[in-house]
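Below is one structure, written out as structure tokens; comments come after it.
The values are calculated or read from the model by the stated rules, or taken from the named source; none is laboratory data. Nothing here was measured: the structure is a model prediction, and the numbers come from that model. Cβ atoms come from the backbone with ideal geometry, glycine included; neighbour counts cover every protein chain shown. What goes into the accessible areas is simple: the full protein's heavy atoms, side chains included, and nothing from ligands, DNA or RNA. Shrake-Rupley method; radii C 1.70, N 1.55, O 1.52, S 1.80 Å.
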Amino acid sequence: MRIVIVGTGYVGLVSGACLSDFGHHVTCVDKDEQKIASLRRGEIPIFEPDLQRLVQINAAAGRLVFTTELITSVVDAEAIFIAVGTPSRRGDGHADLSYVYAAVQDIAKAIQRFTVVITKSTVPVGTGDEVERLIKQLNPSADIAVVSNPEFLREGAAVRDFKHPDRIVVGTDDERARKVLGEIYRPLYLNRAPIMYTGRRTAELIKYAANAFLATKIAFINEIADLAEKVDANVQEIARGIGMDNRIGSKFLHAGPGYGGSCFPKDTRALIKTAQDAGVPLRIVETVNSTNDIRKRAMARKVAAPFHGNIRGKVIAVLGLTFKPNTDDMREAPSIPLITALRDMGATIKAFDPVGMEQARSEMPDITYCDDPYACADGADALVIVTEWEQFRALDFDRLKRVMASLVVIDLRNIYDPDEITNRGYLYQSVGRANKPMY
Ligand SMILES: NC(=O)c1ccc[n+]([C@@H]2O[C@H](COP(=O)([O-])OP(=O)(O)OC[C@H]3O[C@@H](n4cnc5c(N)ncnc54)[C@H](O)[C@@H]3O)[C@@H](O)[C@H]2O)c1
């Protein structure tokens, strides 16, 4: 198949690399010239495990090419995936579809044969109808089918998720389009990944419902964590105790500083807006969204608690800046409102992240970035674990003891056993687990 992917970000690049690895001929298009130039040099602009290898192999085999030229690429494509960003629109929280429609305008002009136009970007219900209307308006003779094929990959495990999806959702009533999508995903289908064919609007809403449900699970366990802390119970054991029930499931039940990232915050906000416009407000999702927003900044109070709420002049070492491990993505990372709040309270911030510091610098230029966890902890009054990178799971607490100004550890990801760290002489606080008495 000759496939064009418009937008070469986390989703577009991973999709392009994996589809070319299946044997398809893929052209990845992006309007960002620097990004395309670095991809042509074999440099991957994002951090994603296994992606570099996949891109290099398939580019070398001539199955994966990168360009800024959308129109020439589209002319002989059988399928065009739209994978551009759909961020929150400034001011109102609706999905900003300007990148999608800008891409569609260029695609519409170039189409010359039967082409399946597939939205992989997360777009509100009804967007497929508008994409179809726009293409027909700009190019009345275009022979097209517009399909919704939402993406469910997770950053940090994106290649594996793309190649081993729980399901593939294809939203279209067009038989020809179903055949094309069936052919594109045939290697996955042979691996027994279920393909679910559905209506286009239903497919669009499946994506938002999935993300809102997962966000709800996280917000729910975070509230239970707050209660557990107050009543001397342990949220990790509660999560285990409920997660073993198959009806509930054990995933997305890790208490922490609130969810961030490029999807859950913006997608819950967009779904709330869609529902309000439809006259069916989603009260549960509205609450999830607002409690999560408040939670990220509120974590600063937890950090300040061992100092009786006063951290003016204190040095706080922050380990982990990205919104989760194994990615360099800083979008809506909990570290940002947390660090802002700590600075508002008068603290000085030192930080370390294994791969996210370059991205973090543009968001937070005024904090001190360090080369490793121990340099970060040097002279610190408290060490705060914000992202659970693997290398933070076995810190050398004896070495930390020698460099820290006071022995306070705030573990917002519950990666350590409270007794173990307390027995080493630290004051240790975590989330939703009975915290030892403070100074
Ligand atoms: N990141 C994820 O984990 C994830 C998972 C599932 C779904 N999604 C959805 O996929 C979509 C893309 O997300 P992302 O994280 O890959 O975004 P991204 O910001 O990483 O990448 C988007 C890319 O599109 C390019 N672009 C924008 N307009 C363009 C145009 N007209 N022509 C060519 N290129 C253009 C940008 O330059 C950028 O490189 C979003 O709708 C997102 O919600 C993301």
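Where in the chain are the DSSP H helices whose alpha-carbon span along the long axis reaches 20 Å or more and whose Kyte-Doolittle mean is at least -0.5? If you can, show how the numbers build up before the last one.
Numbers: long enough: 200-231 (47 Å, 0.29); 283-304 (32 Å, -0.60).
Within the chain the helices that satisfy the rule are 200-231.
Based only on Cα atoms, what Rg/Rh ratio does the chain have, Rh being taken as Kirkwood's radius?
That ratio is 1.01, to two decimals.
Using a Gaussian network model of the chain with C-alpha springs under 10 Å, which one of R301, R413, R393 is most mobile by mean-square fluctuation?
Maximum among the listed residues: R393.
What's the longest bit of the chain with no exposed GluC sites (Glu not before Pro), using DSSP loop states and at most 16 other Cβ atoms within 10 Å as the test?
So the longest stretch without any such site is 70-439.
Just order 190-200, 19-29, 269-279 by mean Cβ neighbour count inside 10 Å, highest at the front, would you?
Details: 190-200: 13.7, 19-29: 22.4, 269-279: 17.5.
Output ranking for 190-200, 19-29, 269-279: 19-29, 269-279, 190-200.
Evaluate the charge dipole of the stretch 61-193 about its Cα centre and quote only its size in Debye, nearest 20, assuming +1 on the Cβ of each Lys and Arg and -1 on the Cβ of each Asp and Glu. Show your work: numbers first, answer last.
Numbers: 17 positive and 18 negative charges, 77 e Å.
So the dipole magnitude of the stretch 61-193 works out to roughly 380 debye.
For the chain, what is the charge dipole size about the Cα centre, in debye to the nearest 20, if Lys and Arg each add +1 at the Cβ and Asp and Glu each add -1 at the Cβ?
Rounded to the nearest 20 debye, it is 400 debye.
Loop only per DSSP, at most 14 neighbouring Cβ atoms within 10 Å: give me the trypsin sites (Lys or Arg not before Pro) in the stretch 53-138, ordered by residue number.
On the way: sites: R53, R63, R89, R90, K109, R113, K120, R133, K136; in loops: R63, R89, R90, R113, K120.
Passing both the DSSP loop test and the Cβ count: R90, R113.
Taking the Cα centre of the stretch 320-439 as the origin and placing charges on Cβ (Lys, Arg +1; Asp, Glu -1), which of V386, V355, F323 is farthest toward the positive end of the dipole?
Checked the options; the winner is V386.
Could you tell me the distance between the Cα centroids of the stretch 293-308 and the stretch 124-143, to the nearest Å?
48 Å
Residue by residue through the stretch 254-259, which ³J(HN,Hα) values in whole Hz follow from phi under the Karplus form 6.51 cos²θ - 1.76 cosθ + 1.60 (θ = phi - 60°), with glycine and proline marked x?
For the stretch 254-259, the Karplus-derived couplings read 9, 5, x, x, x, 7 Hz, x marking Gly and Pro.
Mind running the shape call on the stretch 63-130? Use the C-alpha gyration tensor, a ≥ b ≥ c as the square roots of the eigenvalues: rounded below 1.5 for a/c, prolate if a/b tops b/c, oblate otherwise. Please list the in-between numbers first.
On the way: a/c = 2.31, a/b = 1.84, b/c = 1.25.
Since a/c reaches 1.5 and a/b is larger than b/c, the shape of the stretch 63-130 is classed as prolate.
Write down the percent of antiparallel bridges among all DSSP beta bridges whose residues are both part of the chain, to the nearest 5.
Values: 3 of 46 bridges.
Looking only at bridges with both residues in the chain, the antiparallel portion is about 5 percent.
Computing the accessible area with a 1.4 Å probe over protein heavy atoms, can you report the carbon and sulfur percentage for the chain?
50 percent
Please state the equivalent ellipsoid semi-axes for the stretch 1-73: what are the square roots of 5 times the Cα gyration tensor eigenvalues, largest first, in whole Å?
One finds semi-axes of 15, 15, 10 Å for the stretch 1-73.
Rounding to the nearest 20 debye, state how big the charge dipole of the stretch 183-282 is about its Cα centre with +1 on each Lys and Arg Cβ and -1 on each Asp and Glu Cβ.
It comes to approximately 500 debye.
Let's test this: bin the Cα-Cα distances of the stretch 67-201 at 10 Å from zero up to the farthest pair and state each bin's percent.
The calculated distribution, bin by bin, is 12, 41, 36, 11, 0.
Grab the DSSP H runs of the chain that are 4 residues or longer, score each as -39,500 (n - 2.57), total them, divide by all residues and round the 222 nm result to the nearest 500 deg cm²/dmol.
Mean residue ellipticity, 222 nm, calculated: -13000 deg cm²/dmol.
Over 32 Å between Cα atoms, which of K273/K350; K35/K266; K273/K324; K163/K251; K266/K401; K31/K302 qualify?
K273/K350; K266/K401; K31/K302
What cysteines in the chain have no other cysteine with a beta carbon less than 4.7 Å from their beta carbon?
Isolated Cys, the chain: C18, C28, C263.
Taking the Cα centre of each part, how many Å lie between the stretch 6-63 and the stretch 183-197?
22 Å
Can you work out ³J(HN,Hα) from phi for every residue in the stretch 401-413, in order, using Karplus 6.51 cos²θ - 1.76 cosθ + 1.60 and θ = phi - 60°, giving whole Hz and x for Gly and Pro?
Ordered by residue, 3J(HN,Hα) equals 4, 6, 10, 7, 6, 9, 8, 10, 10, 10, 9, 7, 10 Hz.
Using Cα pairs under 8 angstrom and six or more residues apart, how large is the relative contact order of the stretch 1-96, in percent?
On the way: 154 pairs, mean separation 37.4, N = 96.
Computed over the stretch 1-96, the figure is 39 percent.
Just the number please: accessible area per residue for the chain, 1.4 Å probe, all protein chains included, in Å².
45 Å²
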